[in-house]
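The values are calculated or read from the model by the stated rules, or taken from the named source; none is laboratory data. Given the structure is predicted, the values throughout are model-derived calculations rather than measurements. Here the Cβ is made from the backbone with ideal geometry for all residues, glycine too, and neighbour counts use every protein chain on show. Note: accessible area is taken over every heavy atom of the protein model, side chains too, but ligands, DNA and RNA are not part of it. Shrake-Rupley method; radii C 1.70, N 1.55, O 1.52, S 1.80 Å.
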Amino acid sequence: MTRPLLRSSAFVRKARKFLKKYPQASHNLQSTLELLATDCFHPRLKTHKLKGELEGTWACSLGYDLRIVFKFVEYEESECIFLLTLGTHEEVY
């Protein structure tokens with residue numbers, strides 16, 4: 001089941017900043033987002049539920065120390081993935 005990706009303004013800002021600093025990671029980010037849309041629980045993503053202040057959100061791996069934080073939302077009568085932020089383990093948790 002493919003879920004549409006909705007991007008928050010914070011996610012867009014972080015992604016632009018990240019890609020400006022690491023332009024070589026563009027393909028990795030794109031392929032991770034495509035995989036997230038098609039199979040958000042693929043083993044490569046290491047998708048997991050978050051606790052504490054981030055309860056109700058999920059995170060997936062974009063590489064060794066990079067994470068994408070998102071949540072599942074209903075939008076136009078279908079389940080979507082709302083991308084909240086992107087960053088290192090320390091930045092997002």
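Remarks
- Boolean, SER31 is among the hydroxyl-bearing types (Ser, Thr, Tyr) and modelled with pLDDT of 95 or more: yes
- Within region 53-63, considering residues that are more than 11 Å from the chain's Cα centre (by Cα) and surrounded by 12 or more Cβ atoms within 10 Å (Cβ to Cβ), the one modelled with the lowest pLDDT: GLY63
- LEU33 meets the conditions (1) over 15 Å from THR2 (Cβ atoms); (2) among the hydrophobic types (A, V, I, L, M, F, W, C); (3) in contact with a strand residue (DSSP E or B) (Cβ under 7 Å, 6 or more places away or on another chain) in every case but one. The failed one is (1).
- Looking only at region 69-93, residues that are open to solvent by 40 Å² or more (accessible area, probe 1.4 Å), modelled with pLDDT of 95 or more and aromatic (Phe, Trp, Tyr) come to 2 in all.
- Among the residues listed as SER9, SER26, SER31, the single one being among the hydroxyl-bearing types (Ser, Thr, Tyr), open to solvent by 70 Å² or more (accessible area, probe 1.4 Å) and without any contact (Cβ under 8 Å) to a residue 12 or more places away in the chain: SER9
- Matching entry among THR38, THR2 (being open to solvent by 40 Å² or more (accessible area, probe 1.4 Å), modelled with pLDDT under 95 and hydroxyl-bearing (Ser, Thr, Tyr)): THR2
- When LEU50, LEU66 are screened for being of a type in the set (A, V, I, L, M, F, W, C), open to solvent by less than 70 Å² (accessible area, probe 1.4 Å) and over 21 Å from TYR22 (Cα atoms), only LEU50 passes.
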